[in-house]
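First up is the structure itself, then whatever we jot down about it.
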Amino acid sequence: MSFVQNFPCFSIVICMAAGILSTPMNGKNAKRTTLAVVSLVMVMSIAVFIYTLGTGTSFVYTMGKYPAPWGNEIRAGVLECFLATVFSMVMLFSLIGGMDHVFKDVKEEKINLYFILVDLLLSSLLAIIYTNDLFTGYVFVEINTIAACGMIMIRESGRSLVAAIRYMVMSSIGSGLILIGLAMLYDITGHLLMRPVREALSNLAQTGEYMMPILVIISVITVGLAIKSGLYPFHSWMPDAYGYSTISSSSILSGLVSKSYIFLLIKIFYRVFGSDLLLKSKIVNVLFVFGLIGMIMGSVGAIMARDIYRMIAYSSIAQIGYIYMGIGLGTEAGMIAAVFHILSHAATKSLLFLSAKGLTDASGRRRQYLYLRGAAFRNPLAGAAFLVGSLSMVGIPMLSGFISKLLFATAALEGSPRKVFYTLIVLAVSTVLNAVYYLHTVIHIYTPKEIPEECRGIHIRMTPGVALAMICLILMNFILGLMSQPITDLIQLGIEMFV
C-alpha cells in the first residue's frame, strides 16, 4: 500500500486531534493551529487527488485492518479527493478572510472554542466525503451539525441564538429520519458498508422482496438529508443561520456544510441504491419538482430581503434548488451539473459573504441597502469581489455560474422529454430573478450619489489576509469558468468510479 493512501485517514484524525489539543490554548494559538491544520489537509488532499488521477482507480482504506462486514472503511476516488481539495481551500480562504471579525464578534475567552468547532467541522466534512460506511457517515453528520450549530450561536447575539435553535430543531428532524432509514436498511440487509448493502439490495430487487420497505428507506433518508441541506420547503433555518453568524461561519456554512449533505446523498444514490432502484422509486421526480420550486421561491425571498446578508442567504435556497433539480433529472449529465454547481456555489457564496462584510464595514456596519450606496468606492476590492460573485450567480460567461447553468440546460435536453420544458422555463425565470436582486445590489454599491451622511468619509483599507482570500476566491471562480471541460471530465470520471 502506498503511503499516500493513508492521507484521507490522517486528514480526519489530525483535524479531530487539533480540536482536542486546542482546548487549553488561547485564541491566537488556536487560530494558528487551525490554519496550519487546514493548510496541511489541503496539501494532503491534493496529494491523494494526484495519486488517484494517476492510477485511474479508487482505493479503500480499511480501518484497523478488519475487513467487511465488521470493519470500517474509507474510500477515496477522484471525485472525493477533488471535493476534499476544494472544500479545504474554501475553508482556508473563508477563515483568513473573516479572521479579523472572529476576534471582534466572539468573546475573547471563547475564541479558542470557535477554532475547536472549525477543526471538528472540517473533520466531519472530510469523513462524510470519504466514508464507505453508512453509520460512520451518520455519526459525522451529527458532529457536523453540532459544530455548525456552535459556530452559529457563539456570537451570542439574540438573533444568532434563535437561528441556532431553529437550525438544531430542523437538523434534529433530518437526523432522526436518516437514523430511522439506516436502522431499517440494516434490518433487511444486515450490512452498513456501502458495497455489501448495494449487493444485498440488488438481490432483493431481483426477487421482489421488501420493495415497500426499500421505498420507505429511500424516502426517509432522502428527506432527512434534504432537510439538513435546506431544500425548499425545509429552508426556514437558512436566512437567520447565514445572516447572523460571524462572517467566516456564514461563508463556511453556506459554501460547504449544506453541500456535504448533498454529496453524501449522491454517494448513497450511486453506491447503495443504484440508478435502477432509484428511478423505479420515483424519488428523483420529487426532488426535481421541489428543486424547481426552490429555485423560484429562494429568488423571490432574495428580492424581498431588505439587507445584503439575508439576500445572499435566500439566494443559497435558490442555488440548493438548482442542485436538486440536476439530481432530479435522473441522468449522469444532470448529476455532473449538480456536482459542478456544488463546487461553483462553494467558491462563489464564500466570496459573496466575505465581500458583503467588506461593504457593510465601509457603511458603518449597516446592512440595509440605503447605507450601502457608494460602498464599492469606499472599499474597492470588496466591491469588485461582490461584482464578480454577482455576475457569476447571474450566469455571465467566463465565470463558474455560467457553466453551471449551461450544464443544467444541456443535461435537461439529454434527459426526459417531460422535464425539458419545465427545466428550461424555470432556469430562464430563475436567471432573470437572479439578475434582479444581484444587479440591484451592485447598482446600489456603485451609486456614488446620495451617500448617507453617516457613511461619508469612510474608507476601508483591507488587511493583506482578507485581500488575499478575496483574490483567491475570485480566481477560483474564473478557473471553474474557463477550465470547465477538464473539471467536468474529472467529475464524470469520479461518478463512474462510484459504480
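The table that follows gives values for the structure above.
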item	result
Residue list for the range 103-129, restricted to those being modelled with pLDDT under 90 and either more than 21 Å from the chain's Cα centre (by Cα) or farther than 22 Å from Met153 by Cβ (or both)	Phe103, Lys104, Asp105, Val106, Lys107, Glu108, Glu109, Lys110, Ile111, Asn112, Leu113
Long-range neighbours under 6 Å by Cβ, at least six apart or interchain, first residue farther than 10 Å from Leu83 by Cβ within the range 252-263, second polar (S, T, N, Q) and surrounded by 24 or more Cβ atoms within 10 Å (Cβ to Cβ)	Ile252/Ser94; Ser254/Ser316; Gly255/Ser350
Identity of the residue in the range 131-149, aromatic (Phe, Trp, Tyr) and over 16 Å from the mean Cα position of the chain (by Cα), that ends up modelled with the highest pLDDT	Tyr138
Test: residue in the range 299-307 that is closer than 30 Å to Leu215 by Cα and not aromatic (Phe, Trp, Tyr)	no
Test set (1) surrounded by fewer than 23 Cβ atoms within 10 Å (Cβ to Cβ); (2) part of a helix (DSSP H, G or I); (3) touching a residue at least 40 places away in the same chain (Cβ under 8 Å) - Glu142 fails condition number	(3)
Filter result for Ser281 (in contact (Cβ under 8 Å) with a residue 12 or more places away in the chain and either within 30 Å of Asp489 (Cβ to Cβ) or within 17 Å of the chain's Cα centre (by Cα) (or both))	yes
For Val60: the one exception among (1) more than 20 Å from the chain's Cα centre (by Cα); (2) modelled with pLDDT of 85 or more	(2)
Among (1) open to solvent by 20 Å² or more (accessible area, probe 1.4 Å); (2) more than 20 Å from the chain's Cα centre (by Cα); (3) touching a residue at least 12 places away in the same chain (Cβ under 8 Å) - the single one Ala375 does not satisfy	(1)
Top-ranked residue in the range 358-372 [being surrounded by fewer than 24 Cβ atoms within 10 Å (Cβ to Cβ) and assigned to a helix (DSSP H, G or I); ranked as nearest to the chain's Cα centre (by Cα)]	Thr360
Some residue of the range 225-237 being more than 21 Å from Leu79 (Cβ to Cβ), touching a Lys or Arg at 6+ places or on another chain (Cβ under 6 Å) and either at pLDDT 85 or above or in a helix (DSSP H, G or I) (or both)	no
The range 383-406, residues that are of a type in the set (A, V, I, L, M, F, W, C) and either open to solvent by less than 20 Å² (accessible area, probe 1.4 Å) or closer than 18 Å to Tyr322 by Cα (or both)	Ala385, Phe386, Leu391, Met393, Val394, Ile396, Leu399, Phe402, Ile403, Leu406
Counted residues, the range 292-334 - those being open to solvent by 10 Å² or more (accessible area, probe 1.4 Å) and within 16 Å of the chain's Cα centre (by Cα)	1
Among residues of the range 420-465, those that are open to solvent by 80 Å² or more (accessible area, probe 1.4 Å), assigned to a helix (DSSP H, G or I) and modelled with pLDDT under 70, counted	2
Given (1) modelled with pLDDT of 85 or more; (2) open to solvent by less than 80 Å² (accessible area, probe 1.4 Å), index of the condition Leu468 fails	(2)
Top-ranked residue of the range 172-188 - restricted to ones that are over 20 Å from the mean Cα position of the chain (by Cα) and open to solvent by less than 50 Å² (accessible area, probe 1.4 Å), ranked as farthest from Val272 (Cα to Cα)	Gly176
Out of Thr55, Thr34, Thr23, Thr62, sole residue that is among the polar types (S, T, N, Q) and surrounded by 17 or more Cβ atoms within 10 Å (Cβ to Cβ)	Thr34
Residue count for the range 180-217, restricted to those that are more than 25 Å from Ser258 (Cα to Cα), outside any helix (DSSP H, G or I) and touching a residue at least 40 places away in the same chain (Cβ under 8 Å)	2
Filter result for the condition that a residue is among the β-branched types (Val, Ile, Thr), in a helix (DSSP H, G or I) and over 22 Å from Ile312 (Cα atoms), over Val220, Val257	Val220
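Condition check ((1) open to solvent by 20 Å² or more (accessible area, probe 1.4 Å); (2) under 24 Å from Phe263 (Cα atoms)) across all residues:
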residue	(1), (2)
Ser88	no, yes
Met91	no, yes
Ser94	no, yes
His101	no, no
Lys104	yes, no
Lys110	yes, no
Leu113	yes, no
Asn132	no, yes
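The values are calculated or read from the model by the stated rules, or taken from the named source; none is laboratory data. Model, not experiment: these values are computed from the prediction. Cβ atoms come from the backbone with ideal geometry, glycine included; neighbour counts cover every protein chain shown. With ligands, DNA and RNA removed, areas are computed over all heavy atoms of the protein, side chains included. Shrake-Rupley method; radii C 1.70, N 1.55, O 1.52, S 1.80 Å.
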